[in-house]
Structure formats: structure tokens, C-alpha cells
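Enquirer: Can you read through this structure? Questions will come right after.
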Amino acid sequence: MLQLSLETLGWNAWFSEQARLHCNPGGAVARVAAVDRDQLLLLDETGAFRARLSGKLMHDATSPAALPCVGDWVCVERTANDQFGLVRSVLDRKTCLRRRAAGESADYQMIAANVDCVIIVQSCHYDFSLNRLERYLVMVREGGATPYVLLTKTDLVGSEVLAAQLESIRRAGVTAPVFTLSNVTGEGDEDLRAILSPARTYCFVGSSGVGKSTIVNGLAGRDLLATNAVSGTGEGRHTTVRRELILLDNGAMVIDNPGTREFGVLAAEIGIEASYADIAALSSQCHFRDCTHTTEPGCAVLDALARGEIDAAHHGNFLKLRKESEHYQMSYAEKRRKEKEFGRFIKRVKKDQEQD
Ligand SMILES: Nc1nc2c(ncn2[C@@H]2O[C@H](COP(=O)(O)OP(=O)(O)O)[C@@H](O)[C@H]2O)c(=O)[nH]1
Ligand SMILES: [Mg+2]
Ligand SMILES: [Zn+2]
């Protein structure tokens, strides 16, 4: 059995410094394993316990993204005769995985915090999409985590189908490591396990039905029947409804995710730059410094495209993601401006009231 400590849960000097700045002296810290509305499941060196958010934390949160999410480190107070801990604040996130909230809004939705690696899962059987893969890669890098690519259900396609998908990933210049896996035959299982290191956190993302829960349950040694069959409690078929951080026997932590079909990018310049390193490198040779790599003469990217050195689909995805990012960058700036105006308006009203 693993000896629990904050370090085994991913704690390090960087978080220590955050705690020194943000926690009350004598306050404890814990890691968020799951969030159920206003109730949290926390982990510390004593094991798992439940906690609630303090009124002040809820009140001061400027957006849902400011509230604790799975993987966060929080400052918590816990008295011996209280069943629940009280979460006072959330420590800064070292990395985060977030996406654009549904619809046209320019808001973020947190998926997980402080994850070291994100394993982007696609099934090679009717799910593979280079475009979607590049979207994920951009947002993973934007949040500061290391991406891995995992193609599942290799038992359902011929080797030539898989080879073609791997080739298209390679041609797109994807630098993240790529793995393949079949949960049915077990092919690739060892390779996946080999990347999971103690005290590090791995988050699985990808469309619904690609095999994420099967993988996580397998790693956790959980009963597969509990996920696939109707449970004895009459709850019906279990699907992943909440994200949960699970500590594996080897000391690695994994987070499963409900399917995320839409994975919109939002103001993701850094992530785009990192995911399209080939295009970024070429752009220094473009004739115009602000070249958009669309129609300009002397564009090194278009030249490379014409020579077949970069892939047309890859270039197309780059343009699409950049456009989307810029669009939301603008709406985001607009939103901030409106919030500021509103703040000034409230201040004015208060001042007027004081003068009355
Ligand atoms: N043939 C095959 N089926 C799989 C594989 N992995 C998962 N499945 C099945 O695909 C379905 C969805 O799996 P699940 O783990 O719930 O996917 P999730 O939505 O990504 O969590 C289940 O019926 C699994 O048994 C695989 O590698 N090969
Ligand atoms: Mg699932
Ligand atoms: Zn150019």
C-alpha cells in the first residue's frame, strides 16, 4: 500500500510558495479529487474527506473558473468535531486544462487543474479526426500540460487503416508521443502503463465512447461490470458524470472525463504557436513581418505548402484555429471592458447614494 503524503499527491515547492502567500498561518492544504456542486472530495496525507466552500470564496469568485475544480490545491480548515472541512481559497494553478464554454460565450470552463500530462484519446474506429486532435493539442499546450495521443480500439480496424491515421498525424508535424491501444486484446496496454509515473497527474480527454473509462477502470483495477452493467442500486447504467482524480497503486493519479465533443479554443496564441511549431519556424522567413500565411507574396509557409513540405490539412486547421482564437480573444476583451464599465457604474451609484 502506498504511503500517503502531500508529495505523493503532487505537492511541490511551487505550491508551497502559493500556500505561504494565500493560506492562513496554520491552515492546511488538500487536493481536490472530485466536485459535486458545492461539496468537494479532498485528499491529503490522512486520506479522503469531504469539504464545503466558504461563503466568502463563493461570493468572491468572479467566474465559475475561479472555483475549485478537480486537481486543484485548496487551503482548508478542519476541526476535529466537524464532519466537513471548510475550503477558504484555491491556490494558483500550475497548469490547467480548460475549454471554451458552450455557445457563443467567451467564458472558460475548467476541466482539470495541475495536470502534468493530458492523454488525448481518439478511437481509430470512426472517431479519428486530425482537426479535432489539433484542437486538443492547442488547448493542452495553452494550459501548460504535456500532451500525449492515444488511438484506441485498434482491434476494430485493419492495420492499413491504423497506419494511415498514424501517417496523417506524422505528416501534420505532431510532436506529441503517439500510442495505440486495444482494451479488448490488451495490445499497447504495457506502453500506456509505462508512461504513468508516481506523483504525477494524467487527465484523459476525448469524445464519448472512445474507451476512456475502460482504460481508467483497468488502471484502477476497478470492476468493469460496475461501469458497463446495470448496478444493483438501481442507478442504471453508469456513465462518467463527474470528473474524479484517482490515485493508482503505482502512485500515479488519473482523471477520467465525461465525453467532450466540442472543444472550442479561446484566445490560445501560445498553444497555437507550440502546436504549429513548423509554421511558427517558417514564418520568420516570410517577406512580411505580419504575414498571415494566406495570400501574401514571399510567404515561406505557402512556399513550403506548395513544395509539399507541410500538409494542406494541417495548414487549413492552423488557419481555422487561429481565426477562432482571434474571434474569442476579441469577445473576451469586449467582455472584460463591459465588466469594468459595470464596475465603474456600480461605484458611481454607491458614491451618489453616499452623497444623498
Ligand atoms: N472493440 C473495442 N471496444 C472498446 C475498446 N475500449 C472500449 N470499448 C468499448 O467502447 C464502449 C465505450 O467505452 P467507454 O470506456 O465507456 O468510453 P468513454 O465514453 O470514453 O469512457 C464500451 O462498450 C467499451 O466496452 C477497445 O479497445 N476495443
Ligand atoms: Mg466514460
Ligand atoms: Zn507567411
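Here is a yes/no grid of residues against (1) within 16 Å of ligand 3 (Cβ to nearest atom); (2) modelled with pLDDT under 90; (3) surrounded by fewer than 24 Cβ atoms within 10 Å (Cβ to Cβ); (4) among the basic types (Lys, Arg):
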position: Asn131; (1), (2), (3), (4): no, yes, yes, no
position: Tyr148; (1), (2), (3), (4): no, no, yes, no
position: Thr152; (1), (2), (3), (4): no, no, no, no
position: Asp155; (1), (2), (3), (4): no, no, yes, no
position: Gly158; (1), (2), (3), (4): no, no, yes, no
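Enquirer: Restricted to segment 61-71, and to residues that are within 15 Å of Asp38 (Cβ to Cβ) and not in a loop (DSSP other than H, G, I, E, B), which residue is modelled with the lowest pLDDT?
Expert: Pro64
Enquirer: Continuing with this model, one more query. Residue check, Arg98 against (1) of a type outside the set (A, V, I, L, M); (2) touching a Phe, Trp or Tyr at 6+ places or on another chain (Cβ under 8 Å); (3) modelled with pLDDT of 95 or more, all met but one. Which one?
Expert: Evaluating Arg98 over (1) of a type outside the set (A, V, I, L, M); (2) touching a Phe, Trp or Tyr at 6+ places or on another chain (Cβ under 8 Å); (3) modelled with pLDDT of 95 or more leaves (3) as the failure.
Enquirer: Considering only segment 268-282, state which residues are among the aliphatic types (A, V, I, L, M), part of a helix (DSSP H, G or I) and surrounded by 17 or more Cβ atoms within 10 Å (Cβ to Cβ).
Expert: Passing the criteria: Ile272, Ala274, Ile279, Leu282.
Enquirer: Let me ask something additional. Can you tell me which of (1) part of a helix (DSSP H, G or I); (2) under 23 Å from Gly308 (Cα atoms) is the one Thr175 doesn't meet?
Expert: In the conditions (1) part of a helix (DSSP H, G or I); (2) under 23 Å from Gly308 (Cα atoms), Thr175 misses (1) alone.
Enquirer: Determine whether segment 11-30 contains at least one residue that is modelled with pLDDT of 95 or more and in a loop (DSSP other than H, G, I, E, B).
Expert: yes
Enquirer: Which residue, of Gly186, Gly173, is within 11 Å of ligand 1 (Cβ to nearest atom) and not hydroxyl-bearing (Ser, Thr, Tyr)?
Expert: None of the others qualify; the one that does is Gly186.
Enquirer: Hey, Thr227 hits all of (1) in a helix (DSSP H, G or I); (2) at pLDDT below 95; (3) more than 12 Å from ligand 2 (Cβ to nearest atom) but one; which does it fall short on?
Expert: All conditions pass for Thr227, except number (3).
Enquirer: I'd like to know if segment 48-56 contains one or more residues that are part of a strand (DSSP E or B) and crowded, with 19+ Cβ neighbours inside 10 Å.
Expert: Yes, segment 48-56 contains a residue that is part of a strand (DSSP E or B) and crowded, with 19+ Cβ neighbours inside 10 Å.
Enquirer: Another question about this same structure. State whether one or more residues within segment 156-163 are outside the structural domain of Ala280 (by TED's automatic domain parsing) and touching a residue at least 60 places away in the same chain (Cβ under 8 Å).
Expert: no
Enquirer: Take the residues in segment 194-219 that are part of a helix (DSSP H, G or I), within 20 Å of the chain's Cα centre (by Cα) and farther than 14 Å from Thr152 by Cα, then tell me which one is nearest to ligand 1 (Cβ to nearest atom).
Expert: Step by step, filter segment 194-219, then rank; the result is Asn217.
The values are calculated or read from the model by the stated rules, or taken from the named source; none is laboratory data. Because the structure is predicted, anything quoted here is derived from the model rather than measured. Virtual Cβ from ideal backbone geometry, glycine too; neighbours counted across all protein chains shown.
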